[in-house]
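Read the structure below first, then the notes.
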Amino acid sequence: MSILNNKMKAHPIGIWMALGALVLILLAWLMQTYSLLDWEGAVKLGVQNESFSGNAVERAIADVERGVAIADIIWVLPLTVVAFIGLLRTKFTGFVAANMVFAICVYFPLFYAFRVSMNFDVKLAAIFLWAIPSLLGIIGLWTNRNIFKYR
Amino acid sequence: MIEPTNITWIITIFGTVIFLLLLIAQLVILIKPHSQQAKDILIAKGEDWRDKTHFKVAFAFAWADWLVIMPLMVAGNIGVLSGQLWGYLLWIILGTISIYYSIVFYVMEKEYVYPAVGPIIYYTYLWGGFLYWGIISIVYCVLRTHNVL
C-alpha cells in the first residue's frame, strides 16, 4: 500500500494531492479570466506575455495566448469545477474530469517550455504551478482509482 | 472487458488518420526544422515562416504533440481495442486535449489560415477533424462505458 493511499481525514493523501493541484489550476483560470476582461492590464501585471498594441508579431502571439485563455475558460474551467466536486464526492466522474484537466495542464506547459521566445518566468510558473502538480495529481488519482464509485 | 464494436473501429481509424497526418507533418519540422519541406507542409507550398516567432510556435507545438498526443493515441487505441477501461480513459483525455487546441487554433487561425484555405478544407480536415474526433470520442466513451451503446 502506497503512502498515497493513507487516509488523512476524509480522503487519502493522493486525493488531497489532486485537489491541491486543482486549487492551483483554479488560480490560473482566475488569471485567465482577468486577462480576457482586461488584456493590457494582464500584460502589465506579467500574467500575459504579449500585447495587442505591439507590432504584427506581438499581436499574432497575443492571439495565440488569447486563444489559450478562451479555451481555458470555456472548456477547462467547467471541467475543473466538475472534477473538484466529483473528487470531493469520490465519484468516477470526478476522477475522469480531473484527469482531463490534468492532461491539458501537462500539455500546455510543455508547449510553453519548448517555445524559445517565451518569458522564462512564465515558463517556470507554468511548469511549477500547472505541470508538476498535475502530474502529481494524476499519480495520486491513479493510486487511489479503486475508491471511485463507477456508477 | 468492453468488446470493441464496428463503431469503435471507425473512431479508431478516423482518429489514427488525422493524428498520424499531423504527427508526420510535425516530425518533418523536428528533424529538419528550417527545411523548405517543413515550410511546404506546415504553412503552404513555397511559403516561408512569417518570422522567427511563427517558427518557434510551430516547433513548440510539434514537440508537445509528439510527447503527449502520440503516446496517448497509441496507448489509447491499444487499450480501447483490447477492451480495457483505461483505454477509454486515455481516449477521453486525448479527446479533451483535441477539443482544447481546436478552440485555441480557431481563435489564432481565423485571421490567416482560414481565409487562405477556405471553409471546406478548414472545417473538414485541417481544423474540424480534430474537434469532431474529440467530441465523438468523449461521447462514445461515456456511452460505451455505461453500456448505452
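The values are calculated or read from the model by the stated rules, or taken from the named source; none is laboratory data. Note that the coordinates shown come from a computational prediction; the quantities given were computed from them, not determined experimentally. Virtual Cβ from ideal backbone geometry, glycine too; neighbours counted across all protein chains shown. Areas reflect the complete protein model, heavy atoms only, side chains present, ligands, DNA and RNA absent. Shrake-Rupley method; radii C 1.70, N 1.55, O 1.52, S 1.80 Å.
Some notes on this structure:
- Taken together, the residues in the range A:94-123 that are surrounded by fewer than 18 Cβ atoms within 10 Å (Cβ to Cβ) and in contact with a Gly (Cβ under 9 Å, 6 or more places away or on another chain) amount to 3.
- Elements of type helices (runs of 4 or more DSSP H) contained in the range B:7-110, each with 3 or more residues being facing another protein chain (nearest Cβ under 7 Å): B:52-64, B:85-109
- Among the residues of the range B:63-88, those that are without any contact (Cβ under 8 Å) to a residue 12 or more places away in the chain and among the hydrophobic types (A, V, I, L, M, F, W, C) comprise B:64, B:67, B:74, B:78, B:86.
- Only one of A:58, A:40, A:50 that is in a helix (DSSP H, G or I), more than 30 Å from residue A:12 (Cβ to Cβ), within 12 Å of chain B (Cβ to nearest Cβ) and among the charged types (D, E, K, R): A:58
- Screening the range A:68-141 for helices (runs of 4 or more DSSP H) wholly inside it with 1 or more residues that are in contact with a strand residue (DSSP E or B) (Cβ under 9 Å, 6 or more places away or on another chain), over 11 Å from residue A:18 (Cβ atoms) and within 10 Å of chain B (Cβ to nearest Cβ) returns the ranges A:92-114.
- Checking each residue of the range B:42-49 against the condition of being touching a residue at least 12 places away in the same chain (Cβ under 8 Å) and either touching a helix residue (DSSP H, G or I) at 6+ places or on another chain (Cβ under 6 Å) or loosely packed, with under 13 Cβ neighbours inside 10 Å (or both) gives at least one match.
- Pair list, Cβ under 9 Å, 6 or more apart: the range B:117-129 residue farther than 22 Å from residue B:94 by Cβ, other residue open to solvent by less than 80 Å² (accessible area, probe 1.4 Å) and at pLDDT below 85: B:117/B:44; B:117/B:126
- Checked across the range A:72-93, the condition of being within 22 Å of residue B:137 (Cα to Cα), over 15 Å from the mean Cα position of the chain (by Cα) and β-branched (Val, Ile, Thr) holds for at least one residue.
- Checklist (1) surrounded by 16 or more Cβ atoms within 10 Å (Cβ to Cβ); (2) at pLDDT 90 or above applied to residue A:78, failing item: (1)
- Just one residue in the set A:127, A:70 is touching a Leu at 6+ places or on another chain (Cβ under 8 Å) and crowded, with 16+ Cβ neighbours inside 10 Å; that residue is A:70.
- Residue within the range A:24-31 that is free of Cβ contacts under 8 Å to residues at least 12 places away in the same chain, within 18 Å of residue A:70 (Cα to Cα) and among the aliphatic types (A, V, I, L, M) present: yes
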